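**Student:** Have a look at the structure that comes next, please.
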Amino acid sequence: MNRIHSIKGVKDVLPDEALVWQYIQQKARDIFHTFGYSEIIIPIMEYTELFSRSIGETTDIVEKEMYTFDDRDGRKITLRPEGTASVVRAYIEHNLRDSSPFSKLYYIGPMFRRERPQAGRFRQFYQIGAEVFGIGHYMIDAEILHMLHLLFDSLNINGVELQINSIGCPQCRPAFRNALKTYFADKRSELCDNCRRRFEINPLRILDCKSTHCHALAETAPKTIDHLCNDCLLHFNGVQESLKTAGVTFVNNPRLVRGLDYYTRTAFEFVGGTLGAQNAVAAGGRYDNLVAELGGPSTPAIGFSIGVERLTSLFDNNMVAKRSPLVFITSLGADAQKKAFSLINHFHKKGISAVMDYNGGSLKSQMRKAGKLEAKYVIIIGEDELLKDVVILRDMQDKTQTEVPAEQVIDRLIK
Ligand SMILES: [Zn+2]
Ligand SMILES: [Zn+2]
């Protein structure tokens, strides 16, 4: 029979790696809760128009990368390529503004984009993200960055650099776009195909083109920071001052723009580590107009997402202890096995992690399995022990063993 493989670019997270993911997710949850965030669990699929309206029709994601299909009633459905749009939709749909003075929400889960498969890039990939609605103050921008800083710290991830920029607002961005267009006008023929298109629709995105030639051309391009309106400038200065107060180091990157159309003002990325400078492990920014654009009340907002695969690639797996059972129960013979089964039921009811080998086999082979699972104790029940109603309790660390009355073994282990 032919074996069926997983889909290209879609991978399994095997138990050892899943343990690392759980550890990282738990750290993230703990830190988010410290900052007053609550989890929101958003659907895997949405109506396609949610993403085409929020992310923008002309982005790579919407044009080329979304997994879209016709539902049986003919409506177009898309597997979510990112989380923000869904959180915003939920925020509007459930009037979350009325149920909480401000909403701080986080989500964890898979996203789907049909990108060219390459090392470290997957078509089903995982994000940890958070969004804040209803706060326009620059201090929340700094607070979010402080939160990410503490998360990386708690995961012992070093060498990641925070880069920030301001991409302005609908008042000041048109002037900046014009300045960019003027700058690139006579360099148009030298730009890559993508950037020639971007020149027309979204010249800001030429600034973060990955092509080295475009990169070089953008070297002396106008900077957003020189074209900010007064409010945007005050906001950006406030963010930088607050980051210093919070003890978060950062660098200014005037070429940092976000790939998605809905961002305003503060944009940020955590980049570097062993990933190389072009790869962000976390990215985000402010998007003060998206809620209104999706039909909600005008609401300032800011958020970020972390790429879980990239985060785990920077993480030292040795920080996560292997999960091994406290007890492995070995038994010899059918009657001893019955005794072992009744004992393990007691263990499980008491919440003691315990396993036994229902396949039986020799004591030697059972001991080998106990060793492989790194059980801390082994209980041995043979015919002699059965007759005396005792068990042998072996401490696998100091290799000592004692005979314990069967009914006392649980108390011993709890102690
Ligand atoms: Zn502005
Ligand atoms: Zn380019």
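All of the numbers you see were taken from the coordinates with simple rules; none came from a lab. What you see is a predicted model; the values in this text were computed from it and never measured. Cβ coordinates were reconstructed from backbone atoms using ideal geometry, including for glycine residues, and neighbour counts include every protein chain displayed.
**Student:** What ranking do 71, 98 get, fewest neighbouring Cβ atoms within 10 angstrom at the top? Provide the component values of the computation, followed by the final result.
**Tutor:** Details: 71 11, 98 7.
Fewest-to-most ranking of 71, 98: 98, 71.
**Student:** Now a separate question. Taking the Cβ of each residue in 315, 268, 51 as the centre, tally the other Cβ atoms inside 10 Å and list the residues starting with the fewest. Present the calculation step by step, with values, prior to reporting the outcome.
**Tutor:** Working: 315 19, 268 28, 51 24.
Least to most surrounded, the residues fall as 315, 51, 268.
**Student:** Here is a further query. Work out the FRET efficiency for residue 231 and residue 383 from their Cβ-Cβ distance, taking R0 = 60 Å, and round it to the nearest 0.05. If you can, show how the numbers build up before the last one.
**Tutor:** Numbers: r = 84 Å, r/R0 = 1.40.
Once rounded, the FRET efficiency stands at 0.10.
**Student:** Output the 0 to 90 degree angle, nearest 10, between the alpha-carbon long axis of helix 363-372 and the longest principal axis computed from the alpha carbons of the chain.
**Tutor:** So the inclination is approximately 20 degrees.
**Student:** Let me ask another. Could you please state, rounded to a whole Å, how far the C-alpha centre of region 133-159 is from the C-alpha centre of region 310-348?
**Tutor:** Between the Cα centre of region 133-159 and that of region 310-348, the gap is 38 Å.
**Student:** Let me ask something else. Which value in Å does the Kirkwood hydrodynamic radius of the chain take, with 1/r averaged over all unlike C-alpha pairs and then inverted? It would help to have the intermediate numbers written out before the result.
**Tutor:** Values: mean 1/r = 0.0400 Å⁻¹.
Mean inverse Cα-Cα distance, inverted, gives 25.0 Å.
**Student:** For region 2-156, max minus min Cα coordinate along each principal axis, in Å, sorted largest first?
**Tutor:** 53, 39, 25 Å, listed from the longest principal axis down.
**Student:** With the radius of gyration and the Kirkwood radius both derived from the Cα set of region 245-358, what is their ratio Rg to Rh?
**Tutor:** Details: Rg = 26.2 Å, Rh = 19.5 Å.
With Rg and the Kirkwood Rh in hand, the quotient comes to 1.34.
**Student:** Let me ask something else. When the scattering of region 297-357 is computed by the Debye formula from its Cα atoms alone, each counted once and equally, what is log10 I(q)/I(0) at q = 0.17 Å⁻¹?
**Tutor:** So the normalised log intensities work out to -0.72.
**Student:** Calculate, in whole percent, how much of the Cα-Cα pair population of region 163-257 lies beyond 19 Å. Let's see the in-between values first.
**Tutor:** On the way: 1908 of 4465 pairs.
Distances greater than 19 Å cover 43 percent of the Cα pairs.
**Student:** Assuming R0 = 30 Å, what is the FRET efficiency of residue 178 and residue 57, from their Cβ-Cβ distance, to the nearest 0.05?
**Tutor:** Working: r = 22 Å, r/R0 = 0.74.
Calculated value: 0.85.
**Student:** Mind giving me the nanometre distance, one decimal, between the label points for residue 29 and residue 210, set 7 Å out from Cα along Cα→Cβ?
**Tutor:** Placing both labels 7 Å along Cα→Cβ, they lie 3.3 nm apart.
**Student:** Still on this model: Gap in Å between the Cα centre of region 197-215 and the Cα centre of region 355-378?
**Tutor:** Distance between centres, Cα-based: 60 Å.
**Student:** Quick check on the exposure proxy: order 5, 213 from fewest to most C-beta atoms within 10 angstrom. Present the calculation step by step, with values, prior to reporting the outcome.
**Tutor:** Working: 5 7, 213 12.
Ordered from fewest to most neighbouring Cβ atoms within 10 Å, 5, 213 come out as 5, 213.
**Student:** So what's the back-of-envelope 222 nm ellipticity for the chain, counting only DSSP H runs of four-plus at -39500 (n - 2.57) apiece and dividing by all residues, rounded to 500? List each step's numbers first, then the result.
**Tutor:** Details: 15 runs with 151 residues, N = 415.
Estimated from H runs of four or more residues: -10500 deg cm²/dmol.
**Student:** Dipole magnitude of region 115-179 about its Cα centre, charges +1 at Lys/Arg Cβ and -1 at Asp/Glu Cβ only, in debye to the nearest 20? Show your work: numbers first, answer last.
**Tutor:** On the way: 5 positive and 6 negative charges, 92 e Å.
With Lys and Arg at +1 and Asp and Glu at -1, about 440 debye.
**Student:** Suppose R0 equals 30 Å. What FRET efficiency, 1/(1 + (r/R0)^6) with r the Cβ-Cβ distance, do residue 197 and residue 11 give to the nearest 0.05?
**Tutor:** Working: r = 32 Å, r/R0 = 1.06.
The pair residue 197/residue 11 has a calculated efficiency of 0.40.
**Student:** Here's something else I'd like to know. What does the convex hull of the Cα atoms come to per residue for region 112-220, in Å³? Please list the in-between numbers first.
**Tutor:** On the way: hull volume 19.4 nm³, N = 109.
Dividing the Cα hull volume of region 112-220 by its residues yields 178 Å³.
**Student:** Just how far, in whole angstrom, is region 162-186 from region 1-42 if you go by their alpha carbon centroids?
**Tutor:** That distance is 37 Å.
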